[in-house]
Amino acid sequence: MTPRRPSTHQLRLDAILEQYRDKEARPQAEREHLERLWRDYLYPLRWRLLLAILISLFTSMQPYIWAYINRRVIDDVLMLGAVIPPSAMDAHLRLVILVFFINSGFHLLIILLSWVYSFQITYIGQRVVFELRKVLHEKVQRLPLSFFDRTQTGRLLTVVLDDVGTIQASISTVAVNFVQQAASILVGAAVILVINAKLGVLMLVALPCYVFIFRRIRPHIKEGNIAARRATTALYNRVEERVTAVRTIKVFGRELAEVRAFTESAHNLARLMMYLVRQQNWLTILANGVSATAIGLLLYWSVQDFRAALLTPGQVIQLYASAGFMFGPAVQLSDILADVQRVSVVLRRIFDIVEADPEPVDRPDAAAIADARGDVAFHGVTFAYPGDEAPTLTDVSFAVPAGKQVAVMGPSGAGKSTLLYLLMRFYDPDAGAVTLDDRDLRDIQLLHLRDRITLVMQEPVIFSGTVAENIRYGHLDAPDAQVREAARNADLHEFILTLPDGYETVVGERGMSLSGGQRQRLALAASLLSRPSVLLLDDTTSALDPETEARVRKTLNRIMAGKTCFVVTHRVSTALASDLVLVLEDGGVTQFDTPHALLEQDGLFRRVYEQQTHESADLASS
Amino acid sequence: MVTALVTMVAAMFTLIPPLAMRFFLDHVLTNKEWRLILVTVAIIGIVPMVNATFTVINRFLIASLGQRLVVDLRIGLYRHVLNLSMRFHGETGAGPLMSKLMTDVGQVQALITGEALSIFSNVAMLLFGLGLAFWLRWELALVIIVILVLYSFNYYLFARRIRSANLELREIMDQVTGRLQERLAGVRLVKTYCRERDETAAFLASTDRALQFGLRGQMLSVSLNATARFIGGIGSTVVYCWAAWFVLHDTITYGTMYAMDTYFWYAVTPAVNLTMVAGAITQAFVSLDRILDVMRHRPDVVEQPGAADLPEDVRGELRLEGVHFAYGPDKPLFAGLDLHLPAGKMTALVGHTGCGKTTVTSLLLRLWDVQGGRVTLDGHDVRALTVRSLRRHTGVVPQEPVVFEGTVFENIAYADPDATLEQAEDAARAAQIHDFIMTLPDGYQTWLGKEGAKLSVGQKQRIAIARAILRKPAVLILDEATSSLDSESEAALQAAMRTVLRDRTSVVVAHRLSTIVEADQIVAMDAGRVIEIGTHDELMEIEGGFYRRLYEELKGKHAGEVEA
């Protein structure tokens, strides 16, 4: 979701909020996601979770125990408001020492327990993160390419790394704190009720008021938070986009306008932040008002009861302290609700990926093929990209015998690359079938299929790593000799030997940068490693400068000999050197024959031929 | 200033409740002075309200200060970076850096308004708490001092190990992120070689390692926290029991004992907070450093005082006179380059990659300044012109077309925000993209995703062309503007461009012969020097000439085998 550009300078605050509102929230799904989180990820760790909860139950009572000890000290040791006879003094002093040891021991116990607790919670968090990342990563790798076409890499990265991290941070608090805080409130209420029923009732009235205030204001804060976060992201994205394209901004002299637009967004963000502060301030004032009134009333009534000798001084102080402890958990309990919200937003993004349809898997009876001749055929293939209405390919049929080279031509958007992707089985056709050696691609194990058919992309991908690792990417176990042979075949061997560390030179983002031609050759070498039967070249050389292109093309011509090859190209010269030319227009095959036969026909191929030879005709005339 | 003052006063006010409680305990509970009940209870009830008010005022002041700061910083930074010259932006672009910087601004703001002010209040709390403790009973205050010393000792014991564990964690996570990013971007390759399972295994192995370091770092923090709490717990027990001892000996009252207990935590808690602030400050200084680093860069293309606007009737005659230029100290490119681009004519720049073709166009646009000699437009040194007016009369279509997130119309009208839809349509027609736009669901109002995700490179190029010709510039620069089009579309586009380019000075960088051959003047360049100038026919006359060889090369690429 991307917010549109605000049209007026001063938007009203609610307009800003509306602009950045999270419009994808689905309560029903949120529930399911939480259940799933519990079932699949937390349930296996339930004993650790239980231990953590038990410890937290105990530690939640800690303040009340302190308050009780303090009361006993006041009433029995210090005897506040009474006089201790000198004879009993020694006994009282000894009691003080006893209290010292009790308190110290209690401290030690609490700290040991909370250490165990923290360990369990951290462990659970880490474990869940690990499992989630595993599932996500496996899933992401198995997603069909159409998913990557729709989703930005950055977003996937955020989900796998950051979002999962958020889960780690809040999962334990959500699960454990809820129990702990609820217990804390109940214990506090019980303590006060036992000591004095009237005051207990007072607290039972005050707490709901308190929680009510939170429930009223919290949603505004939550909304503001979400809006602020989205506004921030939008701002950052804008900055990134604009600064990356600074040349365009400069060329059109739009710096001032850009700064003005940015100022507007930055101001809107600042106003959102101030809105948040105002809401928080209201919360602070109202919440403090309720708690201070309640505690003041409690103190007043307990002193009256003390005056009537219904309470001891120690009890008055115990009541006062216990009441104070109850408001904390009440607030945190509503915080947990916010945490749950945050977790469910993140869960939504995670499970959106986990639930996305995966790439087609092998049929159970899919064949393993060791080798292939390389006969390729399309039988009435129709294919539309998911989400597209119009099919990219419509009823495409043709057959290419093994060892032939096919030039695929046609205007951009005609479906040339799609044709290759179907051959790679990146996608399955919606109707019809693609066959290799008369076998439906869907009946061949994917691993074997992609071993026999390989694709070299227009913009080669080089991963950070050594040259050898990059060549070996498809076959980790290929021996050095084979890697060298592949490099030699791609005319790369000589160049590699000039590198500082030869085949072990690190290339890619963290290493040496390679020129376009070198990258292209490296990709070729990797694809040649398995000695594929079918080679697909997607406009492999058009991005290169003419010199380099000429060199790469020479290499290609040698490699392609004897293999079934599909070459997507704009160049007539390439087409003329091929055995067959396939012309795609608007998703259908309009021409399919030898290049010389096509020159005789009226059609796209001849038109392109005439255009491009016009250039050399100029040469002839000069 | 006001904010800091409010913070201090607020800190002082939080010290009142224990004193009020002390008064209540001594006078009401112990001495049973009943008439004081209402007063004391009221004080105990009201003081927290006053405190809350202070908190609220304080928070508001801090936030408005912080927001003003962050807005100013961000805008300043953005303006500065946009004005920085291409030297700063480099080839890869500074976009990702900027996005990070914007986060840094947030960090710095958090430091100044959050941490920096919390230092005030924490130090104030610590000092006031300690002072009051001394006033109440100096022996007990000494215990607090001992605890503070133990605290800092404990902190230094753990801090280094936590830091190193976290550093290692960050390093591993950087690797994980880098690898994941690469693999996601290159997912087609992963799939081509069926390496999905291996990739997951590798990812999990490094994630697992990261988790182990994470666990270690977290448990170290937990241990630091536990020991600190233990030290504090024992300290408070000592204070508590010692105070009880004093109470029994009647040297202090129970109220004092209660207040001591509270002040103990008042003094100790800020000490813990301060150690955390230290970490945040280091973090923020890293951010501040990055920001200042960018702010230190000075734009080297600066408008001179007294720069004049170009007169409206620009002819478009361009000259480079004795131009010296280098991208860096060790990368000299031009040493005394002279070039004349006649008004209203089309000049083609040809030569191998790296010969300086694109640099010539950048100098004409004054994206860079020459280091010697001068560049003139209609006889005016471009440095004596306002940058605005210079760029108002020049248009450029870059090699890699830029499409912004926005509507098609907004993208075309980027050149001229006042353009009407008709004007945009005319430009689109000339760029041969109008028909395509009309097939889009919302026509010119179709929203293009980030970086024009929905368009092919060829379509983006044509949008960029439409944008450039919208302003009807006197000088139009086409830098490999049509390289990604198929032959038919390119031919159609060229036919249309012929009309657009008529009577306009145009500079074309191209590899395509059809474009080059038509130029009024061809400039063949090699390694920063002009080798030959002339029309196609003239240059082809030169036996063994540079252009002629280049031409053969290009021709071989396009159609060599046609002849065969």
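The values are calculated or read from the model by the stated rules, or taken from the named source; none is laboratory data. Keep in mind that what you see is a predicted model, and the values were worked out from it rather than measured. Quick reminder, even Gly has a Cβ in these numbers, built from the backbone with ideal geometry, and neighbours come from all protein chains shown. The protein model used for the area step is the full one, side chains on, heavy atoms only, and it has no ligands, DNA or RNA in it. Shrake-Rupley method; radii C 1.70, N 1.55, O 1.52, S 1.80 Å.
The table that follows gives values for the structure above.
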item	result
Filter pass, A:LEU269 being within 13 Å of chain B (Cβ to nearest Cβ), part of a helix (DSSP H, G or I), modelled with pLDDT of 85 or more and buried (at least 20 other Cβ atoms within 10 Å of the Cβ)	yes
Residue pairs meeting the criteria (Cβ under 7 Å; at least 6 apart or on separate chains; first over 18 Å from A:ASN177 (Cα atoms), in the stretch A:121-132; second open to solvent by less than 10 Å² (accessible area, probe 1.4 Å) and in a helix (DSSP H, G or I))	A:VAL129/A:VAL164; A:VAL129/A:ILE167; A:PHE130/B:THR207; A:LEU132/A:VAL164; A:LEU132/A:ILE167; A:LEU132/A:ILE350
Residue list for the stretch B:192-205, filter: within 30 Å of A:LEU422 (Cβ to Cβ), out of contact with any strand residue (DSSP E or B) (no Cβ under 9 Å at 6 or more places or on another chain) and either of a type in the set (Phe, Trp, Tyr) or at the interface with chain A (Cβ under 9 Å from one of its Cβ atoms) (or both)	B:CYS194, B:ARG195, B:GLU196, B:ARG197, B:ASP198, B:GLU199, B:THR200, B:PHE203
Filtered residue count, the stretch B:130-156, keeping only those that are touching a residue at least 24 places away in the same chain (Cβ under 8 Å) and either in contact with a Cys (Cβ under 8 Å, 6 or more places away or on another chain) or not acidic (Asp, Glu) (or both)	16
Qualifying residue in the stretch A:224-239 (condition: more than 14 Å from chain B (Cβ to nearest Cβ), more than 29 Å from B:VAL176 (Cβ to Cβ) and buried (at least 19 other Cβ atoms within 10 Å of the Cβ))	yes
Output for the stretch B:17-33, where each listed residue is more than 8 Å from chain A (Cβ to nearest Cβ) and of a type in the set (A, V, I, L, M)	B:LEU19, B:ALA20, B:MET21
The stretch A:293-311 residues that are in a helix (DSSP H, G or I), paired with ones that are charged (D, E, K, R) and open to solvent by 70 Å² or more (accessible area, probe 1.4 Å) (beta carbon under 7 Å, 6 or more apart)	A:TRP301/A:LYS198
Residues being closer than 11 Å to B:LEU169 by Cβ, buried (at least 19 other Cβ atoms within 10 Å of the Cβ) and facing chain A (nearest Cβ under 9 Å) - total across the stretch B:206-244	3
Filter result for B:GLN459 (more than 30 Å from B:GLY306 (Cβ to Cβ) and open to solvent by 40 Å² or more (accessible area, probe 1.4 Å))	no
Candidate set from the stretch A:459-477 (those that are open to solvent by less than 10 Å² (accessible area, probe 1.4 Å) and aliphatic (A, V, I, L, M)); member that is farthest from A:THR540 (Cα to Cα)	A:ALA468
Unmet criterion (only one of (1) hydroxyl-bearing (Ser, Thr, Tyr); (2) within 20 Å of B:VAL500 (Cβ to Cβ); (3) in a strand (DSSP E or B)) for B:THR376	(2)
All positions within the stretch B:400-446 that are aliphatic (A, V, I, L, M) and open to solvent by 50 Å² or more (accessible area, probe 1.4 Å)	B:LEU421, B:MET438
Unmet requirement for A:VAL205, which otherwise passes all of (1) within 14 Å of chain B (Cβ to nearest Cβ); (2) open to solvent by 60 Å² or more (accessible area, probe 1.4 Å); (3) more than 23 Å from B:VAL105 (Cα to Cα)	(1)
Inter-residue pairs, beta-carbon under 6 Å, first closer than 19 Å to B:GLN399 by Cα and in the stretch B:495-515, second among the basic types (Lys, Arg) and part of a helix (DSSP H, G or I), 6+ apart	B:VAL509/B:LYS357
Residue that is modelled with the highest pLDDT [pool: residues in the stretch B:54-96 that are more than 24 Å from A:THR233 (Cα to Cα), more than 7 Å from every other protein chain (Cβ to nearest Cβ) and open to solvent by 60 Å² or more (accessible area, probe 1.4 Å)]	B:ILE57
Matching option when the condition is surrounded by fewer than 16 Cβ atoms within 10 Å (Cβ to Cβ) and modelled with pLDDT of 80 or more, among B:ASP300, B:ASP289	B:ASP289
Boolean, B:ASP261 is touching a residue at least 12 places away in the same chain (Cβ under 8 Å) and facing chain A (nearest Cβ under 10 Å)	yes
Qualifying residue in the stretch A:443-453 (condition: closer than 25 Å to A:THR594 by Cα, open to solvent by less than 40 Å² (accessible area, probe 1.4 Å) and not in a helix (DSSP H, G or I))	yes
Members of the stretch A:84-101 found to be facing another protein chain (nearest Cβ under 10 Å) and either touching a residue at least 40 places away in the same chain (Cβ under 8 Å) or not in a helix (DSSP H, G or I) (or both), listed by number	A:ILE84
Residue check for A:ILE74: on the phi < 0 side of the Ramachandran plot and in contact with a Gly (Cβ under 7 Å, 6 or more places away or on another chain)	yes
Search result, residues across the stretch A:389-409 that are closer than 20 Å to B:GLY458 by Cα and open to solvent by 10 Å² or more (accessible area, probe 1.4 Å)	A:THR392
Check on A:LEU193, within 22 Å of A:ALA67 (Cα to Cα) and either open to solvent by 10 Å² or more (accessible area, probe 1.4 Å) or within 16 Å of the chain's Cα centre (by Cα) (or both)	yes
Total residues in the stretch A:458-475, condition in contact with a helix residue (DSSP H, G or I) (Cβ under 7 Å, 6 or more places away or on another chain) and either within 19 Å of A:LEU447 (Cα to Cα) or among the small types (Gly, Ala, Ser) (or both)	7
Only listed residue being in a loop (DSSP other than H, G, I, E, B), small (Gly, Ala, Ser) and open to solvent by less than 50 Å² (accessible area, probe 1.4 Å), chosen from B:GLY344, B:GLY279	B:GLY344
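Yes/no matrix, rows are residues, columns are (1) assigned to a loop (DSSP other than H, G, I, E, B); (2) under 28 Å from the mean Cα position of the chain (by Cα):
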residue	(1), (2)
A:VAL345	no, yes
A:ARG348	no, yes
A:ASP352	no, yes
A:ASP362	yes, yes
A:ASP371	yes, no
A:THR382	no, no
A:ALA390	yes, no
A:ALA407	no, no
A:PRO411	yes, no
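Rundown of residues vs (1) more than 9 Å from every other protein chain (Cβ to nearest Cβ); (2) modelled with pLDDT of 90 or more; (3) open to solvent by less than 20 Å² (accessible area, probe 1.4 Å), yes/no style:
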residue	(1), (2), (3)
A:LEU108	no, yes, no
A:TRP115	no, no, no
A:ARG127	no, no, no
A:GLU131	yes, no, no
A:LYS134	no, no, no
A:ARG142	no, no, no
A:LEU145	no, no, yes
A:GLN152	no, no, no
